[in-house]
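First the structure, in the form of structure tokens, and then the observations on it.
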Amino acid sequence: MAHFTRRRALTTLGAAAAAVLAPPAGSAFAGDDKHRPRPLWNAHAHNDYDHPRPLFDALDHRFGSVEADIFLVGDQLLIAHDATDLDPTRTLESLYLDPLSALVRRNHGSVYRGYRKPLQLLIDIKTEGSSTYLELDRHLQRYKHLFTTYAHGRVHPGAVTNVISGDRAARIPMEAQTVRRAFYDGRLTDLGTSAPASFVPLISDNWQLNFTWLGAGAFPEAERQKLRDIIRQAHRRGQKVRFWNTPEVAGPARDALWTELLDAGIDYFNTDDLAGLEAFLDAHR
């Protein structure tokens, strides 16, 4: 039986509800379209739910992708990184789906007003993948007009694109569907396979299991070439690339690694430091 705690719940939910009704001054949602800063589509908020205002802190920093870890408890999808932090008030609906639905309605069909490109919601499954995905699919059906949808061989864009990561057993029920409101987060082993971008639009992997360089000193040329080959191969098939477990400590090493990722054409920078990545990307436009 999962252990529940009410840690952070009331504060977080109150902030999220307030943000839906009235975005803070100076945020990415305030002001007119002409003077609003452009979204940073290649910025991914790793463990987004750990920020004081899940979803809205990332959107205020103009991120194009956010990550939510889910646990299946009964028929509820609870948000946490570890089972010891589960709280029945912190659900996928309360922290993400309901606020996104309200935001899209207010912005006439998009998360960022004036930009039709979808926000990516990376849903990381922490419990058994097949059963959790099937329950998730039932939850997503309640918001059917919100999401990018795959239906009978075609992809129909929506305001939010769900990508399923975490426990690999989710792949089996997903592949069996002719209609789904989510896509699969592949690994480097999926590169060059028969899995199409309409099923695996994203390739994610652990940086430190594939590269030794962490930003200090020169980037080994063989590793630089490996990185660029990975991204080129994915892009040829219409797939995007993200690495997690990259350096998080602000400083020259992180900047050097981010610069190499930028030069190689990475699609998503993975970080917990929202302001730090926003400043980096703004400085390197």
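Values in this text are rule-based calculations from the coordinates and carry no lab data. Computed from a predicted model, the values in this text were never measured in an experiment. For neighbour counting, all protein chains shown are included, and Cβ atoms are generated from backbone atoms with ideal geometry for every residue, glycine included.
Springs between alpha-carbon atoms under 10 Å, Gaussian network over the chain: tell me which of R62, R105, R90 tops the mean-square fluctuations. Answer for the Gaussian network model of the chain: R105. Averaging the sequence gap over all C-alpha pairs within less than 8 Å and six or more residues apart, then dividing by the number of residues, gives the range 127-199 a relative contact order of 34 percent.
Compute and list, largest first, the equivalent-ellipsoid semi-axes of the range 187-285 from the alpha carbon gyration tensor, each √(5λ) rounded to a whole angstrom.
Numbers: eigenvalues 110, 47, 27 Å².
Taking √(5λ) for each eigenvalue gives 23, 15, 12 Å, largest first.
Considering only DSSP beta bridges whose two residues both sit in the chain, what percent are antiparallel, to the nearest 5? Display every interim value, and only then the final one.
Details: 10 of 40 bridges.
So the antiparallel bridges in the chain amount to around 25 percent.
Annotation: amide H of F269 within the under-5 Å range of A43, H44, sequence separation 5 or more or interchain, hydrogens built in the peptide plane. Please identify, among I172, I125, I70, the residue showing maximal mean-square fluctuation in a Gaussian network model of the chain using a 10 angstrom Cα cutoff. Taking springs between Cα atoms under 10 Å, the residue moving most is I172.
At 222 nm, what value in deg cm²/dmol follows for the chain if DSSP H runs of at least 4 each add -39500 (n - 2.57) and the sum is divided by all its residues, to the nearest 500? Helix-only estimate at 222 nm: -9000 deg cm²/dmol.
A dipole drawn for the chain from +1 and -1 charges on Cβ atoms has a positive end, and of V200, P39, H145 the residue lying farthest that way is H145.
For T161, the residues whose modelled amide H falls within less than 5 Å of its own, excluding neighbours fewer than 5 places apart on the same chain, are L119, Q120, L121, T148.
Taking a ≥ b ≥ c as the square roots of the Cα gyration tensor eigenvalues, with a/c under 1.5 meaning rounded and otherwise prolate when a/b beats b/c, else oblate, which class fits the chain?
rounded
Centroid-to-centroid, using Cα positions, the range 211-285 and the range 124-182 are 28 Å apart. Between A182 and Y150, the built amide H atoms are under 5 Å apart, and every one of these is 5 or more places off in sequence or on another chain.
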